[in-house]
Amino acid sequence: MKKIIIAGGTSGIGLATAKLFADKGAAVIVTGRSEEKLATARATAPGVTAIQLDSNNEAALKDFFEKTGEIHHLILTLSSSKGGGPFASMNLTDLRAGFDGKFWPHLQTIQSALPWITKNGSITIITAASSTARLTGTAGLAAINGALETMVPILAKELKPLRINAVSPGVIDTEWWDFLNKEEKNAAFENYSQAIAVGRIGNPQDVSNLIETIVNNSYINGAVLNINGGLV
Ligand SMILES: NC(=O)c1ccc[n+]([C@@H]2O[C@H](COP(=O)([O-])OP(=O)(O)OC[C@H]3O[C@@H](n4cnc5c(N)ncnc54)[C@H](OP(=O)(O)O)[C@@H]3O)[C@@H](O)[C@H]2O)c1
């Protein structure tokens, strides 16, 4: 049986991916910080094990992976929503929080997991279309996600035969957007829908289907695969 860890898998894209793999017979563990989201994951995905873990806590990560033992695939779907907005007025503390919420916990989690991933296993990270879309107000998000994307092909060489890839989504309807109130979110989604060639916002399942392909296809390696409905 495949053993899969989804760091930050208690909501959105991660939880959809957890359900997909669990339905197909994998042993899936999702991690996250808030009790509330862990409880939702347990209630909505009964076949999935949900464990409290902060991917910024090095000691807790090491302990977690030691207890979990050998794993086949690591998927990282964690981030904060910080780091967006026009550059001239950007609060750099917010951008630092954006790196603390996504860039550093990715590196920390991957380093902690490495000794435990089987040699023919894989790592999949989720970056973002902001790294290439050149949309105003996204320079900070582009920096965070671009930093991760540039590491992927290099790590594919360093970590071989382990595979590592990134999925780079456009606008996906998840809790990530909860920093906006309902009206703001609807207005943003309406605007984005007009800029997306397929004419709609993505859903978590659009992305989880691509993650499944990457995990299962042993010839995809060192790649950054876009999934944005034609946003760019
Ligand atoms: N939604 C979009 O439009 C979109 C677009 C492009 C890229 N992405 C990327 O896709 C990935 C998944 O996002 P999503 O939309 O599914 O967001 P989401 O629904 O907000 O899910 C984020 C998950 O990460 C967890 N998390 C955050 N920080 C963590 C930490 N330090 N340790 C452990 N877990 C942590 C959250 O749980 P806790 O808060 O309880 O820890 C939650 O389970 C992210 O990397 C995001 O940047 C999203």
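The values are calculated or read from the model by the stated rules, or taken from the named source; none is laboratory data. Please read these numbers as outputs of a predicted model, since none were measured by experiment. For neighbour counting, all protein chains shown are included, and Cβ atoms are generated from backbone atoms with ideal geometry for every residue, glycine included.
The requirement of being outside any helix (DSSP H, G or I), hydroxyl-bearing (Ser, Thr, Tyr), at pLDDT 95 or above and within 16 Å of the ligand (Cβ to nearest atom) is fulfilled nowhere in region 84-107; no residue meets it. Picking from residues in region 36-73 that are of a type in the set (Lys, Arg) and surrounded by 15 or more Cβ atoms within 10 Å (Cβ to Cβ), the one that is nearest to residue 217 (Cα to Cα) is 62.
Rundown of residues vs (1) farther than 21 Å from residue 130 by Cα; (2) of a type in the set (A, V, I, L, M, F, W, C), yes/no style:
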position: 164; (1), (2): no, yes
position: 181; (1), (2): yes, no
position: 185; (1), (2): no, no
position: 188; (1), (2): no, yes
position: 199; (1), (2): no, no
position: 210; (1), (2): no, yes
position: 216; (1), (2): yes, no
position: 223; (1), (2): no, yes
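Among the conditions (1) assigned to a strand (DSSP E or B); (2) touching a residue at least 60 places away in the same chain (Cβ under 8 Å); (3) surrounded by fewer than 14 Cβ atoms within 10 Å (Cβ to Cβ), residue 157 misses just one, which is (1).
If we scan region 116-128, do we find a residue that is of a type in the set (Lys, Arg) and not in a strand (DSSP E or B)? No, region 116-128 contains no residue that is of a type in the set (Lys, Arg) and not in a strand (DSSP E or B).
Across region 96-122, the qualifying residues are those that are polar (S, T, N, Q) and touching a residue at least 60 places away in the same chain (Cβ under 8 Å), and the one among them that is surrounded by the most Cβ atoms within 10 Å (Cβ to Cβ) is 109. Is there a residue in region 174-183 that is free of Cβ contacts under 8 Å to residues at least 12 places away in the same chain, within 15 Å of the ligand (Cβ to nearest atom) and outside any helix (DSSP H, G or I)? Checked against the condition, which is being free of Cβ contacts under 8 Å to residues at least 12 places away in the same chain, within 15 Å of the ligand (Cβ to nearest atom) and outside any helix (DSSP H, G or I), region 174-183 yields at least one hit. Condition check for residue 135 on (1) away from the ligand (no atom under 11 Å from the Cβ); (2) over 23 Å from residue 21 (Cα atoms); (3) assigned to a helix (DSSP H, G or I): one failure, at (3). Of all residues in region 1-29, those satisfying the criterion of being within 10 Å of the ligand (Cβ to nearest atom) and either surrounded by fewer than 16 Cβ atoms within 10 Å (Cβ to Cβ) or outside any helix (DSSP H, G or I) (or both) are 6, 7, 8, 9, 10, 11.
Within region 200-213, residues that are closer than 12 Å to residue 21 by Cα and touching a residue at least 40 places away in the same chain (Cβ under 8 Å) sit with their Cβ atoms under 6 Å from residues that are of a type outside the set (A, V, I, L, M) and more than 10 Å from the ligand (Cβ to nearest atom), at 6+ positions apart or across chains, in these pairs: 211/124. Out of (1) within 19 Å of the chain's Cα centre (by Cα); (2) not in a loop (DSSP other than H, G, I, E, B), what's the single condition that is false for residue 229? All conditions pass for residue 229, except number (2). Looking at region 30-50, can you tell me whether even one residue there is closer than 18 Å to residue 121 by Cα and assigned to a strand (DSSP E or B)? Yes.
Residues that are without any contact (Cβ under 8 Å) to a residue 12 or more places away in the chain and among the hydrophobic types (A, V, I, L, M, F, W, C) within region 24-40 comprise just one, 39.
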